[in-house]
Structure formats: C-alpha cells, structure tokens
1. Scan (1) touching a strand residue (DSSP E or B) at 6+ places or on another chain (Cβ under 8 Å); (2) on the phi > 0 side of the Ramachandran plot; (3) crowded, with 22+ Cβ neighbours inside 10 Å for the single condition B:Ser454 breaks and write down its number.
2. Condition test on A:Ser338, is it crowded, with 24+ Cβ neighbours inside 10 Å and more than 9 Å from every other protein chain (Cβ to nearest Cβ)?
3. Quick one: would you say A:Pro231 is of a type outside the set (Phe, Trp, Tyr), within 23 Å of A:Lys357 (Cα to Cα) and at pLDDT below 95?
4. Among the residues in segment B:505-517, are any touching a His at 6+ places or on another chain (Cβ under 8 Å) and either at pLDDT 95 or above or of a type outside the set (Lys, Arg) (or both)?
5. Would you confirm, using the coordinates I've provided, whether A:Tyr230 is of a type in the set (Phe, Trp, Tyr), within 12 Å of chain B (Cβ to nearest Cβ) and buried (at least 22 other Cβ atoms within 10 Å of the Cβ)?
6. Which helices (runs of 4 or more DSSP H) sit wholly inside segment A:281-382 and have at least 1 residues that are closer than 30 Å to A:Thr434 by Cβ?
7. With respect to A:Thr257, is the statement that it is more than 13 Å from every other protein chain (Cβ to nearest Cβ), polar (S, T, N, Q), in contact (Cβ under 8 Å) with a residue 24 or more places away in the chain and surrounded by 24 or more Cβ atoms within 10 Å (Cβ to Cβ) true?
8. Would a scan of segment B:183-191 turn up a residue that is within 12 Å of chain A (Cβ to nearest Cβ) and either surrounded by fewer than 19 Cβ atoms within 10 Å (Cβ to Cβ) or among the acidic types (Asp, Glu) (or both)?
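The values are calculated or read from the model by the stated rules, or taken from the named source; none is laboratory data. In this text, all values refer to a predicted model and were calculated from it rather than measured experimentally. Virtual Cβ from ideal backbone geometry, glycine too; neighbours counted across all protein chains shown.
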Protein chains: 2
Amino acid sequence: MASLHASLRTGARRCSRQYISNLTSISRLSRSIAADSLHSRSSLQPRTRTMSTTTSLRSLNINNINPHIKEAKYAVRGALAVKSEEYRAKLAKGDKDLPFDTVINANIGNPQQLDQKPITFFRQVLSLIEYPPLLEKEDVLLNQLGYKKDVIERARWLLKEVGSAGAYSASAGATGIKNSVARFIENRDGFPSDPKDVYLSAGASSGVNTLLHVICAGPNTGVLVPIPQYPLYTASLSVLNAKCVPYYLDEARSWGTDLQAIKDAYASAVKEGTDVRAIVIINPGNPTGASLPPQDIEAVIEFAAEKKLVVMADEVYQTNVFKGKFHSFKQILRDLQSKTPEKYDNVELASLHSISKGMVGECGHRGGYFELCGFDPEVVEQIYKFVSISLCAPVIGQCLVELMVNPPKQGEPSYELYTQEYNNIFSGLQKRATALYEAFAQMEGVECPEPQGSMYLFPTINLPEKAVEAAKKEHMTADEYYCHKLLESTGVCVVPGSGFGQRENTLHFRTTFLAPGTEWVGRITRFHEGFMKEFR
Amino acid sequence: MASLHASLRTGARRCSRQYISNLTSISRLSRSIAADSLHSRSSLQPRTRTMSTTTSLRSLNINNINPHIKEAKYAVRGALAVKSEEYRAKLAKGDKDLPFDTVINANIGNPQQLDQKPITFFRQVLSLIEYPPLLEKEDVLLNQLGYKKDVIERARWLLKEVGSAGAYSASAGATGIKNSVARFIENRDGFPSDPKDVYLSAGASSGVNTLLHVICAGPNTGVLVPIPQYPLYTASLSVLNAKCVPYYLDEARSWGTDLQAIKDAYASAVKEGTDVRAIVIINPGNPTGASLPPQDIEAVIEFAAEKKLVVMADEVYQTNVFKGKFHSFKQILRDLQSKTPEKYDNVELASLHSISKGMVGECGHRGGYFELCGFDPEVVEQIYKFVSISLCAPVIGQCLVELMVNPPKQGEPSYELYTQEYNNIFSGLQKRATALYEAFAQMEGVECPEPQGSMYLFPTINLPEKAVEAAKKEHMTADEYYCHKLLESTGVCVVPGSGFGQRENTLHFRTTFLAPGTEWVGRITRFHEGFMKEFR
C-alpha cells in the first residue's frame, strides 16, 4: 500500500508536468493534436514496460483506460498540493526538521480551510434544517442560544420548501429556492428572470460539467477558453474529447479580454476546421483577479452574437470585487437586446454562480446554480434529462444558495450581525490582497497589477536564466521549480502559472489571499530575495 | 415560458418512450446501433422541421448537440414522474377534479419524501457540525434539548477531522472518515480494508459515474449490465458512448443471477468484437429486490477472474435485506483469494455504498463511497485525478457516511434510541413490503416473488390482449399504458418495467414500498380489478 501511495505521488507530479507541457503546447496553436498525443505516449513508455505483468493479468491498465481521462490535467490539486499535505501531516506529528512551522495553502480558494468563519445566519438556519425538532424549543433558541426570529422563520420556510434535507429534490432543484434565485437575479440586473431557467447544481463545477457535456458533440467541437484559465475548463474539455480554443487575456490591461485575441483564436480554429460553439469568460477572473469593464463584456457578447457562440459566463466571484462594480453578462445582454433585439435576441447565455466563493465561502457544501437564457427548448430538455441522471444537487447546498441570494434585510433581526460579518470578511480579503500586492511591488522581477477582484493575485515573475537552467535539470518549468522551492523553504503552497496556461516565455504563479494574517507574505518576500540571490 | 414548460413536458414523455423502445431493442442484441440511431432520427423529424428557424439562429439545436446525451434514457424521473408532480401541484392548489386526494410517489426510492424520519443521532450531530458555537452551550444541549454526550463528542471529533463543513476536503474525502469506512468494511467482512482504497462520493451515482468514465475507452468498450437494471447504468454508458452488454436475471429464481445468461451475453458481445471489461451487479437488486446467495456471487467472481472483468458491485441496499443475510462481494472475493490466490488475486472489484438507502435514507445529502480492490496503481492515479476535478464530495454527506458506518454502540447514551428508530424503520419497510406482496398475490395475472431485499417489488403483470392494443393506439408499451392509467385513476406513481429493461413479451412495474400506511395498496388493487374488467 505504501508503494501505491508513493506511486500516486510521483504520478501526480508527472501528471502535473504533463499538464504544463500540454498547456505550453496550446500556447502554440499550430502544434497539432497528433503531435501532442504522440508526446504523451512516448512519456509513458518506460512505465508501460515495468507494468507488463500486471497489464496481462487485469482488465484495466494505463494503456487501455479512457484516454481522455489520462489527457485531463488539474494542477490546482496536483503535485504541489500533495506535497503540502505531506508537510502538514509531518508537522501534525510533531516533526521539527522542516524549516517552517505551518503550511499555508494559498493554492486553492478554500476560505473556511483557512481563516474565514461561516456567516452566523446561514449556519444557524442550517442547524435547524438538519435537526427540525429544535424548532419546537423556540424559547431556548431565542433566549439561550442567541438565535433570532428570522433564523427560525427562514428554517421553517426552507423546510416547507424541501420537505427534508434528506429527501431528493426535483432534478433542477427545489422550486421555492429557484424562485429566490430568480428574484435575486432580477434585483441584481433590473431585468426579469424566470425560475424555470434556473438549475441548482453541486457547485459551479457541476454546472460547467453539465453545459460542456451538452455542447460538446465530438472531437471537432471547439470552445474558446481564456488563457490563463481555471483548469476545470481544459480538464473537462479533455474528458469530453473536445477542443480547447485558447484566447489570451491582456496582461498589459490588467488581464482584461482582448477582442482581437478572441477573433484571432476563433479564426485560426475555424480555419483548421474546428466547429467553435461557445466562449468561456471568467469574470471576475480566476486566476487573474481581473474585473471586466462593461465594454469588454459588450464586445464579447457582440462577437458571440455574430458568430453564434454560447456564452458561458463563470461569475462565481461576482461579490469579490475591490475596484469598480460587477456587471453581469445577463444584464448587459438584456441591455443590448432592448436596444438592438434583431441582433441579440438569439444569444445563448449560461451564467454560473456558487456558494463556494464570495463572502459565503461554503465550498464544502457544494452548492451553486446556472441560469439559461435564449437556449432552444429542445436543448433545454436534454440539459434537464442530463441533470436528472445524477438525481439532484445536495439539498443543504441548495438551502445555502437560497440564503446567499436572500440574506437578512435591513430591519430584520439578523441583519446587523450579518452585515458586520460580511463586511469584515470583505475588508479582510481586501487588506490581505493589498498587503500581498504591496509585497510583490517591492520584489525584484515581480510585476502584479493592482487587486481588482476574485480571491487571487497572479504576478509575473521574471527569473534569472540560471534558475531556468536549474529547473530544466529537474525536468520542471521555471515557475514550477520556483513554486516547489517556495513550498520546500517556507511551507507556502502556490500554483505555477503553467497550471493555468500563460504566454510563452512568461512565468507566473497564482496565490490566494485567504490565509490569515500577513506573516506568510513576509515568508514569500524573504524566499524570493534568497532565490534571486542564489540564481542571479 | 409556458410553452417551454409544455414542450419540456411532452419532451420528457417522448424521451421516456424512446427509452422504452431503446431498452426493448437491447433485448435483441442483434439489432444494430445504426438501426437504433436511425430510429431516433426519424422520430425527431417532425420537430426538426418546425424548429428550422431557431436552428439557424442559435449555436445549439437538437441536431448538433452531443448525440450521446440524446441517447441516454432515465425513466425513473421521466414522463410519469413529471405528470405526478403536476397532479401534486394541482392538489396543493385545492383542485377537487382529480379522482384521488393524494399523490403516492412509489416511483423513486426517496424515503424522507414519504414517511421515513431521519435518525435522531445523525441529525443532532449534523446540527452541531453546521453551527459549532452550539458546542459552547453543552448544558443547554444536554439538559434542555435532549442531546446526549456521545452526540457532542462525535460532532467535536468530526469537526476536528473536516475543519469546517464549508471547507473542501481532500479529493477522495476526509481522512478520518475514510478510516471509519475501512473499519466498517473490516468488521462487516472479517478481512482488512485500507482507507487509501476508499473514495467518498456524492452518492453512489457519482461513484458509478467515476468508475465508468475510467473504464470506458471508446465505442467498443462493453460493460455487462443486468436486465432489469437501475437505468443509471445504461444512461451513463450512453453518455460515454460505450456498449451496454445486457444479461438477463432469472425471474424464475427470484431474479437471481444466471451464470449461463452472463456467459451467453459475454460470448455474443465478444463475437461481435466488443471489448467487454466489466460486469455490474446490483445486490440487493434494483428494481428486482433480489438478495443474492453466496454461490451466485462466487459464480460471478469466478467468471470475472476467468475473463478479466472489473466487478462493479452496487451494494447500496446492503442493509435492506428481509430474507437471509447480505454477503458482500469483497468478503466472498477475499474468501476465494485465501483459498485459491493464483486464480483470484488479480480480480478488480469496486464496491459501492450510499447513505441514500437502508435505514439512513439520506438521499438529499448526496453521500456514499466506493472501495477499490486489486486495481492497477496507475489506473488508481487516474481515478484520483478524475475525482479531484470535481473537488470533493459534499462534506456534510461525508459526515453522514461516517455516522452510517459508525453508529452508536451498545452502552453509549444514544444507542437505545438509535436502535429503536433503526428497527422501526426496518420493520415498517418489511410490513409494507409484505402488504404489497400479499395484495399482488391476490391480483389477477400478477406474479411477484416474496420480498427479499432493497426497497422495491417488481411484479410481472399479464395484461389482456385488448390492453396491449389500447396501448399501441396511444403509442405506448402495455406496461407504460398500465402505469399511466394507474397514476391517472389513483395518484399512485410507479415505473413501467420497460424503464429498467425486461424480457420480450413480459411486462412489469416497479413500486417502492416506502409510502406510509397500506391504504394506497388498496388503490392499486381496485384499479387493477377495474383495468382487467375493462380490457378482458
């Protein structure tokens, strides 16, 4: 078993390396799929030989399983994450050999693993939904446990809507909760929303999975994906054996969308015979932290209307905005439709949201939704059928979606505490983002735009040639090498830019700004100084 | 919007009909895939014409989306379920026109939607995990809210293991919970289990999805699936564009496995060039309710060892056994391995369990696990990577898995109540199963083996020729017609046998025995009498 675990570890590392080479390869659109798969095959050869005995004895081996699963890469939970967990386990056992005393998981947007406390109103309601007999002890709840009237009312209402948190809901989610989501969207955008267009999902990931499953009809289907991107998109497209059509974001404009880059990516893909059907936009950006201005969104919708592309708007960070204001794709689409209906009325938009991010941060509860606009009713039928095969999204996660979109209102008993907690989380994130940004500004060879939104910074790192050489010797890209060294020396885990894709000859890393305090920012600064000194 | 909804409804109905024709078609292995897809195409023609304008304006239409999603059928949540929800909504509005005053959803194994109360110990623990500040009021919990010491201890322990229910866990689940699952398996089987082989999943459905994703390498991969079956298997194989290789269960032997039928199905598939890689067994059976004797399990494992097939043992009903004793595939495999290691040591077994069924019945919480035995470590790496793309199973569902596998023990404060609740649920299910069985025994033309396990009965219905003719006029199979009429006249919703697959020229329906009381059984009896009289 120990050997299995070790092999899993080295495997994860290898897998992460393959992902890097793969994403590096999509930076050259000209490189053909055939060459890429040849590359994967040859990298597997030595291993295949050593496994030959097993191969002949079992049904499944690395050479006969689903090749598209093998091709999928997901660096966010890759080699570095595995290594950080090993360090964490060592420290928990009292190991004193490591040069740090805590591991800082800045590799993943997992707020409650770090500092972020759940919002009291949300969790009080959930406690009552999980154990409804508590509702019979209203005076104990109110007078001894600090629950407020509105907590009790909301729990009663949600229980009426879902029956029991232990019962399957309707496939697309509980009706009452979908109504709340539609009202939230209406209030946010100033345009109507129909609850029937809302699908509750197990986090936004599950929504993305559903949509890509329906969109991708075969190896020739192409989907425009921003680079850098959250690797869920490339991984899902690999699994579905469809084509990722990468378009570069404009680092010089704080990672905004660059319409020309989108047009060029589309044109080359179409020229190669790809049937490009959809465009993914992550706004606010992951890993970039960009928050798109309305004109960028308009430009994307105009292009989508012209080329008949489904717009997939990943808006899970819509409340994590520090600069300017969040503009939803739905609102801007409806605006355009009201002005030029003949041009925009058939645009297909799927916009996704989640309870995992924002000030909610309830990743572990796996809740989210997507709203469909302008889809063909026959396609909607198929989406509905597809989601019904996995029965329904977790019902407690559905309840959290309701609480997120319908929090306590001014004048309600829980409003004050809710607002205070919400604002504290928001300002804590902003404070840490600023601390990180300021630290990066002082670091030699590091460039980082001012924090705008989401939970991440994605600085460029200009590393000395000697570091690039040292990385090569370890069969790593330079950013991967840097991140491994950072983790080994400081316990701070970040993800190399190659895990998300980046322009050739550029290097980055992604760090969350969720970890408590700013002491760990100092660890990065000191490490960076030493690293630059060593390799200058 | 109303028209979209209407189209969704008729669509769902049409989809259900296609599923029936599809499952009927797999009863004739000789019918080619080409003919089947021709059939689907022709049935869509009229619709395609009316949609031509839309088709040219949008990116996605019914003719260009993923064809494998279109092929997937899932009758359990199909036309009848949709119709029953409409009736339920009508009754809720006070409609007096229907010939019944309640809808009985006997179509789906959703215990808490019906009578089944959650187990107190489980839900008390969950309430504390959702709102940990309650743990600071121990005396209120103990003295005023009826919580016991062990509830508090368990909640503290689980919180230590998961950190927060709102944080992502490790991809394959929280370590402490996987340890508990492994201990449970050891105690159940008397053989060791390694927590590293345990993967926590969002219900068993998500585990099946993971395993089939890795197993299915292309259109030529075949998986042996029992007929009748739970349609998750055929639906997932459709989505993955792999081949379902159906083998018939032996109705004459209370739906036991029939080794000869498995051998024949395997041989015909291999002869046609299919690469058969795995065999699915559902034990206790869904929809059949069969509980397999050890010799049936041994025979399957022996065949799997000989032909190098992955054994997928769907054991979600392992505690729903009324007759005899549940035998796990893992236990019998380990037994065989200890006797004849050279023959059995390389058998690959994935066994699945869930919190949705049994006396737990927590479907809405989406929890479950699978254990892998004998898989190639390189394949395990890929399974791990695949599950990491969807981040993790819902953490509260993971906690429920822990509670299910590690309930209060004798001598612990919650033991008595837990045992009482558990036994009441068990005997209630048994009582209703018996009432249904006895009613079926009295009904003309209905044959049903004695209840053995799971949550279902799956009686044969011998319907008069005139009923078959009437069904044809409505473009339905006779069992579908019968089930529609039953729902329309009585409000009782069951699923036609064609939704699960059945031998040609046989008719069945599946009913759960979860609904409270036995009054609804009388509704079925009276309806059946009238139906037989009308069509005799």
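1. All conditions are met except number (1).
2. Taking the combined requirement at face value, the residue does not satisfy it.
3. yes
4. No, segment B:505-517 contains no residue that is touching a His at 6+ places or on another chain (Cβ under 8 Å) and either at pLDDT 95 or above or of a type outside the set (Lys, Arg) (or both).
5. Yes.
6. It comes to A:294-307, A:329-339.
7. Taking the combined requirement at face value, the residue satisfies it.
8. no
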